[in-house]
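A short write-up of the structure that comes next.
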Amino acid sequence: MASLSQFLLFFSFLFCLKNTFPVLGFQSNFALFPVAKDAATLQYVARISHGAPLGSTDLVVDLGGSFLWMDCNSGHVSSSYRLISSCSVNCSRAKFHDLGSTSCLLNTNCYVSPYNGVTGSTSMGELVEDVIAVDSVDPSDVGQSTTVDHFLFACASTFHLQGLASGARGMMGLGKASISLPSQLSSSIGHPQKFSVCLSSSTGVLLTGSGDTVFGTKIARSLAYTPLITKQNDYFINVQSIKINGRRLAVHEHGKLEAKLSTVVPYTTMVSSVFAIFSKAYVEVATKMNMTRVETVAPFGLCFSSKGSLVPEIDLVLQSEMVKWRIQGRNSMVKVSEESVCLGFLDGGLEQSSPIVIGGLQMEDNLLEFDIGSSMLGFSSSLLLKETTCSSSLQDSKLKQFF
């Protein structure tokens with residue numbers, strides 16, 4: 001049975017939760033962070049301004065990360081960050097889902113476990129708070145910079161940067177945890193509990209709050225929606241079936257195909273049994289379209305001659321036949337040479353935990369809105385079908401000065 005002290009600690013945590021991040025004097029529509037794709041690692045890197053003096057740090061975007069973490073001893077070193085006590089409410093918030101680490105000792109620092117989503121490794125880091133500056137929009141003033149005090153993140157060792165893009169000093173966690181970047185900014189700035197990503201091979205963007213101002217109401221209102229499932233801090237959608245050029249694949253024995261969304265995986269992967277059915281059907285459809293198979297190039301399993309412009313359309317059918325995530329052209333094929341293109345779907349092996357992991361390539365030029373409050377995912381499918389891209393939409397908006 002829980003002790004009285006444990007009960008009081010939990011009660012005080014709930015009572016103070018809503019007061020941990022004071023809302024600023026105005027409500028902002030959104031906060032934005034430019035995102036660039038690293039050509040060497042295919043990771044998506046966002047830039048954040050923080051500390052005193054104010055400086056910038058590049059962080060790899062991780063959809064499933066619990067919180068933001070960085071190497072605090074190299075790159076831009078802030079003199080204003082403050083260590084968090086292990087017995088504080090903020091430490092309890094950071095460890096809310098870590099049932100084995102809820103104890104505290106007076107006059108000790110709060111330690112958390114930063115997760116490197118690229119290498120799959122976890123280390124120990126100190127929880128700290130500091131000031132960050134974000135580009136945001138006041139209803140009366142487009143392009144205002146806002147300072148957020150008491151922003152929580154973790155300091156990790158330099159060794160923990162292994163596998164990250166050159167120049168990146170940590171990772172930006174966007175998961176549902178209470179101290180993830182979207183959660184903290186929603187509380188601090190006062191915008192809706194949602195965030196959007198529009199990834200690009202050049203310039204993309206991460207938005208917390210409403211993205212109508214950036215992409216316009218026409219695109220924002222054209223989004224289709226599907227239920228968003230969270231497990232730990234990862235985001236999933238249910239795929240009822242897969243179609244290639246309208247042909248339904250015989251994957252029904254797997255039931256609903258749970259698909260995880262990941263920004264640290266460059267290409268969509270499928271568990272081996274599903275990929276075998278998918279790749280066989282893709283080859284059959286491609287052959288009927290007179291596509292010529294050529295020698296494969298690692299890590300890809302299917303490659304074709306680049307002659308010809310048409311490739312099969314891939315539909316992820318979601319909660320009904322009316323709701324489909326369509327993947328085609330640039331989102332399905334990778335140019336590996338002047339003569340060859342390869343299918344950007346890979347065999348994830350027998351032990352892959354989710355039947356499907358939707359990777360970065362398939363999310364590029366696709367406006368994705370993660371509505372945490374209503375547990376829904378909005379998606380545009382390829383903006384190329386609307387004769388625009390993430391990058392061009394940003395350049396056409398009022399916020400092009402940020403990019």
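At-a-glance table
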| item | result |
| --- | --- |
| Residue under evaluation residue 353, criteria (1) over 19 Å from the mean Cα position of the chain (by Cα); (2) open to solvent by 30 Å² or more (accessible area, probe 1.4 Å), criterion not met | (1) |
| In the range 261-274, the residues that are farther than 19 Å from residue 330 by Cα and open to solvent by 40 Å² or more (accessible area, probe 1.4 Å) | 273 |
| So residue 3, is it at pLDDT below 50 and open to solvent by 40 Å² or more (accessible area, probe 1.4 Å) | yes |
| Where residue 32 falls short, out of the listed (1) open to solvent by 50 Å² or more (accessible area, probe 1.4 Å); (2) modelled with pLDDT under 90; (3) within 19 Å of residue 185 (Cβ to Cβ) | (1) |
| Only one of 230, 268 that is under 30 Å from residue 370 (Cα atoms) and touching a helix residue (DSSP H, G or I) at 6+ places or on another chain (Cβ under 8 Å) | 268 |
| Wholly within the range 151-260, strands (runs of 3 or more DSSP E) carrying at least 1 residues that are among the aromatic types (Phe, Trp, Tyr) and surrounded by fewer than 22 Cβ atoms within 10 Å (Cβ to Cβ) | 224-227, 234-239 |
| The range 314-332: number of residues that are in a strand (DSSP E or B) and either open to solvent by 50 Å² or more (accessible area, probe 1.4 Å) or β-branched (Val, Ile, Thr) (or both) | 5 |
| Among residues of the range 295-313, those that are open to solvent by less than 60 Å² (accessible area, probe 1.4 Å) and out of contact with any Ser or Thr (no Cβ under 9 Å at 6 or more places or on another chain), counted | 1 |
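The values are calculated or read from the model by the stated rules, or taken from the named source; none is laboratory data. Small disclaimer: the values here were computed from a predicted structure and weren't measured. Virtual Cβ from ideal backbone geometry, glycine too; neighbours counted across all protein chains shown. Surface accessibility is based on the protein's heavy atoms, side chains included, excluding ligands, DNA and RNA. Shrake-Rupley method; radii C 1.70, N 1.55, O 1.52, S 1.80 Å.
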